[in-house]
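Asks: Could you have a look at this structure, given as structure tokens, before my questions?
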Amino acid sequence: MRNNADTVFKERYENAVALGSDQGTQPSLPRTASRQQHRENTPHDCPEEYYHQTLFVPFVDHIMEEMSSR
């Protein structure tokens with residue numbers, strides 16, 4: 001999953017956007033601050049990039065680390 005992170009994430013993201021649109025919601029970004037303390041303030045142009053960089057890749061890395069430590 002980590003080797004194909006871009007394609008796997010794109011599929012998952014499109015499914016999530018489709019589910020959200022059925023409920024009348026659209027993807028949005030959290031507010032960014034000039035001095036971020038409790039989460040990463042990564043550069044991004046759209047919600048897809050933001051969620052890929054701050055949630056998906058770190059989550060997959062965490063799962064891989066947990067699996068290798070067992």
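The values are calculated or read from the model by the stated rules, or taken from the named source; none is laboratory data. Keep in mind that this is a model prediction, so the values were computed, not measured. So basically every Cβ, Gly included, is an ideal-geometry build from the backbone, and we count neighbours across all protein chains shown.
Asks: Six or more apart or on different chains, Cβ under 7 Å: which pairs go from a residue in segment 21-47 that's more than 16 Å from Val57 (Cα to Cα) to one that's exposed (fewer than 10 other Cβ atoms within 10 Å of the Cβ)? Could you list them?
Replies: none
Asks: Scan segment 11-29 and tell me whether some residue there is surrounded by 11 or more Cβ atoms within 10 Å (Cβ to Cβ) and at pLDDT below 90.
Replies: yes
Asks: Mind checking which pairs have a first residue in segment 50-70 that is within 26 Å of Ala16 (Cα to Cα) and a second that is loosely packed, with under 15 Cβ neighbours inside 10 Å and among the small types (Gly, Ala, Ser), Cβ under 8 Å, 6 or more apart or different chains?
Replies: Final answer for the pair search is His52/Ala5; Phe56/Ala5; Val57/Ala5; Val60/Ala5.
Asks: Let me ask you something else. Specify the residue that is modelled with the highest pLDDT; the eligible residues are those in segment 30-53 that are among the polar types (S, T, N, Q) and under 23 Å from Met64 (Cβ atoms).
Replies: The first filter runs over segment 30-53 and keeps only residues among the polar types (S, T, N, Q), leaving 32, 34, 36-37, 41-42, 53.
Narrowing the set further to residues that are under 23 Å from Met64 (Cβ atoms) leaves 42, 53.
Working: Thr42: 75, Gln53: 88.
Filtering first and then ranking leaves Gln53.
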